[in-house]
Amino acid sequence: MDGTPSGAADADVSGRTVLITGGAGFVGSHLADALVDDNEVRVFDDLSGGSREKVPEGADLLVGDIRDGDALAEAMDGADLVFHEAAMVSVEASVENPPRCNRVNAGATVDLLERAREEDARVVLASSSAIYGHPESVPVSEDDPKSPTSPYGIDKLSLDHYARRYHDLYGLETVPLRYFNVFGPGQNPEYSAVVNVFFRQAASGGPLTVEGDGEQTRDFVHVSDVVQANLLAATTDRVGEPFNVGTGRSVTVNELAETVLDVTDSDAEITHVDPRPGDIRHSEADVSKAERALGYDPSVSLEAGLTDLAERRGLR
């Protein structure tokens with residue numbers, strides 16, 4: 001797993017009318033980039049977390065709220081493939097405002113699935129590793145217990161269930177993808193924020209602040225591999241099933257901090273602060289199902305992805 005980020009994927013998605021909700025955001029904009037040359041791509045986004053500048057030339061931007069049924073219906077008219085990335089992505093914000101999180105992440109998803117039934121469109125949905133909560137052991141497989149610890153995780157689990165039940169009950173082609181810690185260029189600051197925080201701190205001379213003892217582990221997956229998983233999900237016969245999207249490898253937060261210092265040639269210090277209440281201790285994806293069923297092959301190592309980010313930011 002030493003490849004450089006490219007955004008390429010081993011799936012042929014062409015000649016389609018594609019809607020990407022949240023397509024002006026992090027993962028959505030990378031999907032739009034990968035699809036726009038060979039498909040009619042529509043981006044539906046309220047621009048609360050994304051930006052017009054991220055929407056590639058050739059894609060149609062429809063500005064609207066995912067909770068607005070009329071705007072959603074207009075965006076989905078004639079679509080035969082939907083990538084549902086729109087979400088309230090901050091766990092902290094979900095704790096502060098559970099009703100809003102539920103309306104955006106769960107309620108709007110049900111509306112989208114209903115529209116997809118009318119259009120007979122396949123839907124690939126962004127679920128989350130947050131649905132597992134504190135795993136009993138790692139790596140975590142798709143069949144492991146789910147006990148989310150935040151409104152965000154609860155609503156993503158609801159999305160995940162709805163996607164599978166819509167397939168079972170109505171024959172709708174759905175594929176929920178359970179993202180682990182996604183990172184890469186264009187990342188929203190509030191999503192998997194530790195990578196961005198460490199880069200900002202390294203650029204300013206530090207220190208890099210690690211919460212707790214730093215021995216908690218995470219599975220960091222590059223956005224180009226997440227795009228790969230989405231495109232494979234768009235063409236697979238294995239619909240109505242969930243898939244983990246990670247690397248199958250984890251690192252400690254201490255190791256992440258050391259790698260950021262290395263790729264940025266920074267001599268900043270690492271300091272430890274109080275642990276975050278309720279923080280999950282260990283997280284690592286079992287991606288064997290996605291590898292077998294989808295042909296998923298995560299190829300960008302953490303070091304290669306961080307090196308690419310450092311170069312893009314002029315830090316090496």
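Residues that are touching an Asp or Glu at 6+ places or on another chain (Cβ under 9 Å) and at pLDDT below 95: which helices (runs of 4 or more DSSP H) entirely in region 25-140 hold 2 or more of them?
Here the list reads 91-96.
Against the condition under 16 Å from the mean Cα position of the chain (by Cα) and over 25 Å from His282 (Cβ atoms), how does Met88 come out, does it pass? Full working, then the answer.
On the way: under 16 Å from the mean Cα position of the chain (by Cα): yes; over 25 Å from His282 (Cβ atoms): yes.
Yes, satisfied.
Pick from region 21-48 the residues that are touching a Leu at 6+ places or on another chain (Cβ under 6 Å) and closer than 13 Å to Gly58 by Cβ: which of them is surrounded by the fewest Cβ atoms within 10 Å (Cβ to Cβ)?
Among those that are touching a Leu at 6+ places or on another chain (Cβ under 6 Å) and closer than 13 Å to Gly58 by Cβ, it is Arg42.
Please indicate, with yes or no, whether at least one residue in region 222-233 is farther than 20 Å from His134 by Cβ and without any contact (Cβ under 8 Å) to a residue 24 or more places away in the chain. Spell out the reasoning first.
As a first pass, look at region 222-233 and keep what is farther than 20 Å from His134 by Cβ: 222-233.
Those left that are additionally without any contact (Cβ under 8 Å) to a residue 24 or more places away in the chain: none.
No: zero hits.
Sort through Ser224, Ser288 and tell me the only one that's closer than 30 Å to Asp12 by Cβ and buried (at least 18 other Cβ atoms within 10 Å of the Cβ). Can you show your working first?
Details: Ser288 fails: buried (at least 18 other Cβ atoms within 10 Å of the Cβ).
After ruling out the rest, the residue left standing is Ser224.
Do we find that Val55 is crowded, with 22+ Cβ neighbours inside 10 Å and over 18 Å from Ala121 (Cβ atoms) in this structure?
Details: crowded, with 22+ Cβ neighbours inside 10 Å: yes; over 18 Å from Ala121 (Cβ atoms): yes.
Answer is yes for this residue.
I'm trying to understand the selection: among the residues of region 154-201, which are farther than 24 Å from Ser48 by Cα, surrounded by fewer than 24 Cβ atoms within 10 Å (Cβ to Cβ), among the aliphatic types (A, V, I, L, M) and touching a residue at least 40 places away in the same chain (Cβ under 8 Å)?
The answer is Leu172, and nothing else.
From Leu306, Leu261, Leu256, grab the single residue that is in a helix (DSSP H, G or I), within 26 Å of Asp144 (Cβ to Cβ) and modelled with pLDDT of 95 or more.
On the way: Leu306 fails: within 26 Å of Asp144 (Cβ to Cβ); Leu261 fails: within 26 Å of Asp144 (Cβ to Cβ).
After applying the criteria, what remains is Leu256.
Being part of a helix (DSSP H, G or I) and among the hydrophobic types (A, V, I, L, M, F, W, C) is the filter here; which residues of region 276-303 pass it? Explain how you work it out, then say what you get.
To start, the set of residues in region 276-303 that are part of a helix (DSSP H, G or I) comprises 288-294, 302-303.
Matches in region 276-303: Ala290, Ala293, Leu294, Leu302.
The values are calculated or read from the model by the stated rules, or taken from the named source; none is laboratory data. Values in this document were obtained by computation on a predicted structure and should not be read as measured data. Positions of Cβ are backbone-derived with ideal geometry, glycine not excepted, and every protein chain shown enters the neighbour counts.
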